[in-house]
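Enquirer: A single structure is presented below for examination.
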Amino acid sequence: MQRIIYNILTLSLLITLFSCGEKESENGKSKKQQEETVERRLFVSKAQFKGSKMKLGNIESMSFPVTVKTTGMIDVPPENRAVVNATRGGYIKTVPLLIGDKVQKGQTLLTIENPEFITLQQDYMEVNEKLGFLKAEYERQKTMMEENITSQKSFLQAQSNYKTAVASYNGLRKQLTLLNISPSQVESGNISSVVSIYAPISGSITKVNVTRGTYVSPATSIMEIIDNDHIHLELSVFEKDIMKLKKGQEINFRVPESSANVFKAEVHLIGTAIEENRTIKVHAHLEDEKEANFLTGMFVEAEIITEIIEANAIAETAVVSQENIHSLLKLNEETDEGYYFDSVSVQVGNTYEGNIALTSMNELTKEDKILTKGTFNLIGGE
């Protein structure tokens, strides 16, 4: 009996000792986990926080645009671009202007010389001199015809001669006008082998294709003038994005080669035919054409805003991306010595005006304090 009691007491003692050992092990393990959790936190001293100009912020609801990205160029309407050529061929006598010179409509651009101009003026003078006589003869024959004094043949001959002369006179006069030769000056006896070509529009000279002594024909492009007073965007949008576009949508664009500034424009016209490269032309008007010194032909990168969505967002500098993993630092604890942060993984969306949308916040709330400036210095190099 005593032996049985002894065995029972011994077994109870072993169970008690085992239970105490297990409890101490669990407490030790829990304590160790807590210590590891504390060790995983990032500590930033108050001096470091201030010296690095770090900032804290909150997640906020913001408006984010959904955009269609495209490229294009600065252009002008067809009526603001002019190619200068000669009505008749000739040799360039003077060409005083250079690329970049500004000209006004009607200003002399260059002069052309050709002996044929003299022949044309002579023909005009001869017809002009004959016209008075042929008109008088026609009226005399007409009067005599009414009085049955002359034959119908003589009347018809006089009528034909007069009308033929009138046709020649009007034709030659028109040709002189096209050559910028004054018919009244020719009638006064002033004949010249040199004619002037005038600017058809106001603007700046962008091309000069001739030099003094060059022979030019009516098909020759002598120079080009562009008026930059009204410029627009000519964008190319891919076929897959065409259905998202409509007139009046806002556009943000920049000229990457010359400026980091973002400018505003608005969709004005959308093309109705798809081109060979499966794109469609979009014509956009600038919000302020005088905002920058835009030049025709400048390459632009543009984003057409198709809709606006609401999303939770934080400053773009708060998120650090490493191997497609996006992280930010949430304030865990603030003490007299400094700040303790937890690294939290998030999923991100679009960026706009320095903010980034958070599509998944991983249990973050708008009340949490987030390190918005200085994050990369703490975890960017890990």
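Enquirer: Working carefully through the options Thr351, Thr372, Thr317, Thr335, find the one that is open to solvent by less than 70 Å² (accessible area, probe 1.4 Å), of a type in the set (Ser, Thr, Tyr) and in contact (Cβ under 8 Å) with a residue 24 or more places away in the chain.
Expert: On inspection, the qualifying residue turns out to be Thr372.
Enquirer: On to the next question. Name the single residue, out of those in the stretch 249-258 being assigned to a loop (DSSP other than H, G, I, E, B) and under 22 Å from Lys290 (Cβ atoms), that is least open to solvent (accessible area, probe 1.4 Å).
Expert: Val255
Enquirer: Could you tell me which residue of the stretch 276-301 is modelled with the highest pLDDT, considering only residues that are acidic (Asp, Glu) and either surrounded by 11 or more Cβ atoms within 10 Å (Cβ to Cβ) or within 11 Å of Ile74 (Cα to Cα) (or both)?
Expert: Among those that are acidic (Asp, Glu) and either surrounded by 11 or more Cβ atoms within 10 Å (Cβ to Cβ) or within 11 Å of Ile74 (Cα to Cα) (or both), it is Glu301.
Enquirer: At pLDDT 90 or above and open to solvent by less than 40 Å² (accessible area, probe 1.4 Å), is that true of Leu56?
Expert: When the stated conditions are applied, Leu56 does not pass them.
Enquirer: Kindly check whether there is at least one residue in the stretch 150-165 that is closer than 30 Å to Asp229 by Cβ, modelled with pLDDT of 90 or more and touching a helix residue (DSSP H, G or I) at 6+ places or on another chain (Cβ under 9 Å).
Expert: No, the stretch 150-165 has no match at all.
Enquirer: Taking the criterion of being of a type in the set (Asp, Glu), assigned to a strand (DSSP E or B), open to solvent by less than 30 Å² (accessible area, probe 1.4 Å) and in contact (Cβ under 8 Å) with a residue 12 or more places away in the chain, would at least one residue in the stretch 259-275 satisfy it?
Expert: Taking every residue of the stretch 259-275 in turn, none turns out to be of a type in the set (Asp, Glu), assigned to a strand (DSSP E or B), open to solvent by less than 30 Å² (accessible area, probe 1.4 Å) and in contact (Cβ under 8 Å) with a residue 12 or more places away in the chain.
Enquirer: Quick check: is even one residue across the stretch 63-71 open to solvent by 70 Å² or more (accessible area, probe 1.4 Å), touching an Asp or Glu at 6+ places or on another chain (Cβ under 7 Å) and not polar (S, T, N, Q)?
Expert: Let us first name the residues in the stretch 63-71 that are open to solvent by 70 Å² or more (accessible area, probe 1.4 Å), namely 69.
Remaining after also requiring touching an Asp or Glu at 6+ places or on another chain (Cβ under 7 Å): 69.
Of the ones still in play, those that are also not polar (S, T, N, Q) are 69.
Checking the stretch 63-71: at least one residue is open to solvent by 70 Å² or more (accessible area, probe 1.4 Å), touching an Asp or Glu at 6+ places or on another chain (Cβ under 7 Å) and not polar (S, T, N, Q).
Enquirer: For the structure I just gave you, tell me whether Glu307 is among the acidic types (Asp, Glu) and part of a strand (DSSP E or B).
Expert: Yes, satisfied.
Enquirer: Looking for something under 25 Å from Arg254 (Cα atoms) and either among the hydroxyl-bearing types (Ser, Thr, Tyr) or assigned to a strand (DSSP E or B) (or both) - is there at least one such residue anywhere in the stretch 315-327?
Expert: yes
Enquirer: On the basis of being within 21 Å of Thr372 (Cβ to Cβ) and either among the aromatic types (Phe, Trp, Tyr) or touching a strand residue (DSSP E or B) at 6+ places or on another chain (Cβ under 9 Å) (or both), does Ala265 make the cut?
Expert: Spelling it out, it is not the case that Ala265 is within 21 Å of Thr372 (Cβ to Cβ) and either among the aromatic types (Phe, Trp, Tyr) or touching a strand residue (DSSP E or B) at 6+ places or on another chain (Cβ under 9 Å) (or both).
Enquirer: Here's another thing I want to ask about it. Looking at this structure, is Glu367 assigned to a strand (DSSP E or B) and of a type in the set (Asp, Glu)?
Expert: It is false that Glu367 is assigned to a strand (DSSP E or B) and of a type in the set (Asp, Glu).
The values are calculated or read from the model by the stated rules, or taken from the named source; none is laboratory data. Here the structure is a predicted model, which means the values were calculated and not measured. Every residue, glycine among them, receives a Cβ derived from its backbone with ideal geometry; neighbour counts consider all protein chains shown. All accessible areas refer to the heavy atoms of the entire protein, side chains included, with ligands and DNA or RNA removed. Shrake-Rupley method; radii C 1.70, N 1.55, O 1.52, S 1.80 Å.
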